Amino acid sequence: MNNLVILPIAIPLVSGMLMIFIRERIIWHRVISLISVAASAACAGWLIRLNQTAGVQTLHVGGWKAPFGITLVADMLASLLVFTALIVSFACLLYMFGSIGREHERFFLYPLVQILVCGVNGSFLTGDIFNLFVFFEVMLIASYVLLGLGGKRRQLKETLQYVLINMTSSTLFVTALAFLYSAAGTLNMAHLAERMAEAGQSGPMTVISILLLIVFSVKAALLLFFWLPGSYGAPPAAIAALFAALLTKVGVYAILRVFTLIFPHQPQITHTALIWMGAATMILGAFGVVAYKSIRPILAYNVIISVGFMLFGVGVASQAALTGTVYYLVHDMIAKALIFILGGAMISIAGTDRLQDIKGLIHYRPLLGWLFFVAGLALAGIPPLSGFVGKVLILEGGIREEQMAVAVIGLVSSLFVLYSMMKIFVQGFWGETFLSEGEQHDTGKSALLPGVILTALVIGVGIGAEWVLSMADLAVEPMLDRDLYIRAVLRAE
Amino acid sequence: METFMIIISGVLYSVATYLMLSKTLLRIILGTALLSHATHLMLLAVSGLKKGAVPLIGAGAKYTDPLPQALMLTSIVITFALTAYILVLAYRTYLVSGTDDINKLKGSDHE
């Protein structure tokens, strides 16, 4: 029992609600947002420390013992992801201050961001699969409003599509949970894992797991990603950065958790499906990054490629691949927020996102250009930046488990990532500028501070890989030895 | 009783699917609402209706499992909020773009 576990959920929730009451005081909104995210990050950092020294931390909410009450579980995986998510939200908030405009701020932007963060943290920390659904919805409802905020025609259209798809997949989620409850008689993840290990994963259970896989695939943009490029292209860049860093990663986390803890017993069906869905996602994503000639769709398809790559790691499910996946998740959250923020700054300076109309930005903002260059290399996985180690481990795992074909697809997709990043860099930053002095639509200065912070993190996570990997190893431990997780939840004193 | 409920829920699923495949926004939204009803009904039915006992241990030999109802209630609240939101969103889209036909909404993105 440790009350610290609930703080990363409670702090953003309470501060979000508080801000609604002081709607007109934007300065206060900003201050409270930063304090709330920083305080939650401190709690998450402390949780990581506790995970290193004392193992998995749990909280039986309201004193109801598992499996009867809802349990919050902070194992290393959850704490690490919560910490990263909060750092990334901090950087996105900094970018919002300078870029998003008064109208958004007056219409509850910051409270919504806090609710979104609350939902994301909750999804990572919960140990009950129905509670996972609830936190998913908290996160999604905040994202629906953030997406629609502004009310332009394109935004409304994309929001409608996004809401309808997510409503349908959420309904499917409840359906899967109904089947799961009637078949297993419990919804606590540790208890489910125990039952599944005792009784074996029968045919109906595998069907339920496939249903859950479909649901999470929609949320994570694994193969069922057709909604993503549109909806990530519609909102302002700061919000798109937050979405790209957090939303799909929660889906990836859900797949990682469910298929390592509850349904790992029929890998020839579920994990094979994961591997090939990952491969198809990488291939289609690579088509996307080559086909488009505007910044936003290219970045959106990059999100899709990395999702495919991570789920290849989950599908392989050896120790190396899982460690690589956890590491890559951390890297990807940081790098995707970074690249979306920098891309957003390019768009705001040039006033368009079509690459043919952007040129020579390096004369105007050299720092922005070099940050983008580093971020592009990190996404492609060039050493010593952060993408490299994760890719190496996932590919090593894949090759050891004789998934050569998909490993090759993964490598080639990295080349496409590199190509697309350099396409944006070369076309956007090189050459003579179209814009004469004073013609810029925006200074782009607001992206520099968060850009520098996140780039420092990308380099830090790459160079300090040893340190991050020691945490990733701890995160993978309960996945390989499920008893660790089960004991911590069900048999805690 | 359970069989009957399952059949009803199956009918609701098919009606919802039919509605969601149509082109008018309002019909699609009604479809999602019906889809969630079907799911809630099924959630109640597959967990066993346990004919007429109260959800308290010790009040008699039989008792009803209260959890499915708690799950349903949570899910109903969420769907209710979502339906309210998407109705407003659809109305707003109708005002801005002057159509509620999904095909006509596609169009070009240039504003």
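Annotations
- Test: residue in the range A:424-441 that is in a helix (DSSP H, G or I) and among the charged types (D, E, K, R): no
- For the range B:52-84, filtered to residues that are under 24 Å from the mean Cα position of the chain (by Cα) and among the small types (Gly, Ala, Ser), the residue that is farthest from the other protein chains (Cβ to nearest Cβ) is B:84.
- Flag if residue A:100 is under 22 Å from the mean Cα position of the chain (by Cα) and under 23 Å from residue A:190 (Cα atoms): no
- Residue B:96 vs. criteria farther than 22 Å from residue B:2 by Cα, within 23 Å of the chain's Cα centre (by Cα) and either in contact (Cβ under 8 Å) with a residue 24 or more places away in the chain or within 10 Å of chain A (Cβ to nearest Cβ) (or both): no
- Residue satisfying all of: in the range A:155-168; more than 7 Å from chain B (Cβ to nearest Cβ) and surrounded by 21 or more Cβ atoms within 10 Å (Cβ to Cβ); farthest from the chain's Cα centre (by Cα) among these: A:155
- The residues of the range A:278-291 that are surrounded by fewer than 21 Cβ atoms within 10 Å (Cβ to Cβ), farther than 12 Å from residue A:409 by Cα and in contact (Cβ under 8 Å) with a residue 60 or more places away in the chain amount to a single one, A:290.
- Unique residue being surrounded by 19 or more Cβ atoms within 10 Å (Cβ to Cβ) and either part of a loop (DSSP other than H, G, I, E, B) or under 25 Å from the mean Cα position of the chain (by Cα) (or both) when the list is A:415, A:411, A:393: A:393
- Pairing each residue of the range A:134-154 that is more than 7 Å from chain B (Cβ to nearest Cβ) with any residue that is buried (at least 21 other Cβ atoms within 10 Å of the Cβ) and assigned to a loop (DSSP other than H, G, I, E, B), provided the two are 6+ apart or on different chains, yields C-beta distances under 7 Å for A:146/A:235; A:147/A:234; A:147/A:235.
- Scope the range A:461-493; condition in a helix (DSSP H, G or I), free of Cβ contacts under 8 Å to residues at least 40 places away in the same chain and more than 21 Å from residue A:125 (Cβ to Cβ); matching residues: A:466, A:467, A:470
Conditions (1) surrounded by fewer than 24 Cβ atoms within 10 Å (Cβ to Cβ); (2) touching a Cys at 6+ places or on another chain (Cβ under 6 Å); (3) farther than 30 Å from residue A:155 by Cβ, marked per residue:
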site	(1), (2), (3)
A:229	yes, no, no
A:242	no, yes, no
A:272	yes, no, yes
A:301	no, no, no
A:313	no, no, yes
A:317	yes, no, yes
A:324	no, no, yes
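- Any chance residue A:454 is surrounded by fewer than 24 Cβ atoms within 10 Å (Cβ to Cβ) and either in contact (Cβ under 8 Å) with a residue 12 or more places away in the chain or more than 19 Å from residue A:385 (Cα to Cα) (or both): no
- Tabulated pairs, the range A:57-72, first in contact (Cβ under 8 Å) with a residue 12 or more places away in the chain, second polar (S, T, N, Q) and exposed (fewer than 14 other Cβ atoms within 10 Å of the Cβ), C-beta under 9 angstrom, 6+ apart or interchain: A:59/A:3
- In a residue-by-residue description of the range A:224-243, the property of being in contact (Cβ under 8 Å) with a residue 24 or more places away in the chain, in contact with a helix residue (DSSP H, G or I) (Cβ under 7 Å, 6 or more places away or on another chain) and under 15 Å from residue A:328 (Cβ atoms) applies to no position.
- Looking at A:144, A:110, A:95, just one residue is among the aromatic types (Phe, Trp, Tyr) and under 23 Å from residue B:25 (Cβ atoms), and that residue is A:144.
- Considering (1) of a type in the set (Gly, Ala, Ser); (2) surrounded by fewer than 24 Cβ atoms within 10 Å (Cβ to Cβ); (3) in a helix (DSSP H, G or I), the lone condition that residue A:69 does not fulfil carries the number (3).
- Extreme residue, nearest to the chain's Cα centre (by Cα), among residues of the range A:103-126 that are aromatic (Phe, Trp, Tyr) and assigned to a helix (DSSP H, G or I): A:124
- The condition (being at pLDDT 95 or above, on the phi < 0 side of the Ramachandran plot and of a type in the set (Val, Ile, Thr)) is satisfied by just one residue among A:37, A:61: A:37.
- Of all residues in the range B:19-47, those satisfying the criterion of being farther than 22 Å from residue B:85 by Cα and more than 8 Å from chain A (Cβ to nearest Cβ) are B:41, B:44, B:45.
The values are calculated or read from the model by the stated rules, or taken from the named source; none is laboratory data. On a predicted model such as this, the values are computed, not experimentally measured, just so you know. Cβ: placed from backbone, ideal geometry, glycine included. Neighbour counts: every protein chain shown.
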